[in-house]
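Undergrad: First the structure, then my questions, so here it is.
The values are calculated or read from the model by the stated rules, or taken from the named source; none is laboratory data. Here the structure is a predicted model, which is why all the values come from computation and not from measurement. When the accessible area is computed, the model is the full protein with side chains, heavy atoms only, and any ligands, DNA or RNA have been set aside. Shrake-Rupley method; radii C 1.70, N 1.55, O 1.52, S 1.80 Å.
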Amino acid sequence: MLRAMTERTPPDPNMADPNKAPGSEGNWFGFQPVDPDAKSGLVRAVFDSVAGRYDLMNDLMSGGIHRLWKDTLMEMVAPKADMTLLDVAGGTGDIAFRFLQRGGGRAIVCDITESMVRVGRDRSFDRGILSGVNWTVGDAEKLPFASRSVDAYTIAFGLRNVTRIDAALSEARRVLKPGGKFFCLEFSHVVLPVLREIYDVYSFQLLPKLGRVVAGDEDSYRYLVESIRRFPQQEALAKRIEAAGFGAVRVRNLTGGIAAIHSGWRI
Ligand SMILES: C[S@@+](CC[C@H](N)C(=O)[O-])C[C@H]1O[C@@H](n2cnc3c(N)ncnc32)[C@H](O)[C@@H]1O
């Protein structure tokens, strides 16, 4: 799939660095320049292609570590019975399930790719979760929810894929009640030099091949690697979250910065 993606070279570092040109992320699909209007269709095609193997691939490519990162996120969310969580880019439901298992009241999963939502809904039936979670197809940049309607907002491995990060952050603020909690768990930038080299070899050379063998789709996993490199650095993203109207913005690096959780309160 997505044959057009295969001829890629790393872009001009000044043009491409999202830290130098905030808001430029819509012009890039990994290392490939694209029309911003085309980006979400390309992203949907990636997740349509991998939906059936998405959970297996997550475990294989992270050695299960994504589970620990999601557990850490949920410790920070601190679910309560009277809380409504909106999990944007919620995919196959990992965050929503953790929220409910830890005593959260109601979870809403919203994702732009219908096939991911379908896999998530099937997983919830398989787990006997018949109530407490709603599944919605929708765009993080135009959430189909009322303003000030949720207590917590999570987006896990999703913000990197949206066309306009600032529009998604502004929507997060709109739907949160004042004082509501915002959390973004995302692949980030390694802060330990020794880990960086190993991680580069693993991600650029091994991961796309793993994608080919397990999910039958090398291009989608190359997009994953490239989109991580194009995602803003920890501090740059924190500033954009603040600019969107959040207070007490914090960054917590996970596994040496391979991933990070940004959090804040809706002012
Ligand atoms: C890497 S998956 C993460 C799924 C889940 N949150 C998890 O942690 O396992 C990224 C998800 O983001 C969704 N996505 C991408 N762009 C989106 C957008 N603009 N609005 C909502 N969801 C989006 C994709 O469809 C996909 O399901």
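Undergrad: Report, ordered by chain and residue number, the aspartates and glutamates lying within cross-link reach of K80, taken as a straight Cα distance under 19 Å and ignoring same-chain residues fewer than 8 apart.
TA: Filter leaves D71, D94, D151.
Undergrad: Can you give me the % of accessible surface on the range 200-263 that is carbon or sulfur? Probe 1.4 Å, all protein chains present, nothing else counted.
TA: Working: 1390 of 2570 Å².
Reported share for carbon and sulfur atoms: 54 percent.
Undergrad: Before rounding to the nearest 500, sum -39500 (n - 2.57) across all DSSP H runs of length at least 4 in the chain and divide by the residue total; then give [θ] at 222 nm in deg cm²/dmol.
TA: -12500 deg cm²/dmol
Undergrad: Restricting to the range 126-260, compute how many DSSP beta bridges are antiparallel as a %, nearest 5.
TA: 45
Undergrad: Tell me, what is the per residue accessible area of the chain in Å², probe radius 1.4 Å?
TA: Counting only protein heavy atoms, the per-residue value for the chain is 44 Å².
Undergrad: Sticking with this structure for a sec: When DSSP assigns beta bridges and you keep just the ones with both residues in the range 26-266, what percent turn out antiparallel, to the nearest 5?
TA: Counting only bridges with both partners in the range 26-266, antiparallel ones make up about 45 percent.
Undergrad: Can you tell me, using C-alpha contacts under 8 Å and at least 6 residues apart, the relative contact order of the chain as a whole percent?
TA: 20
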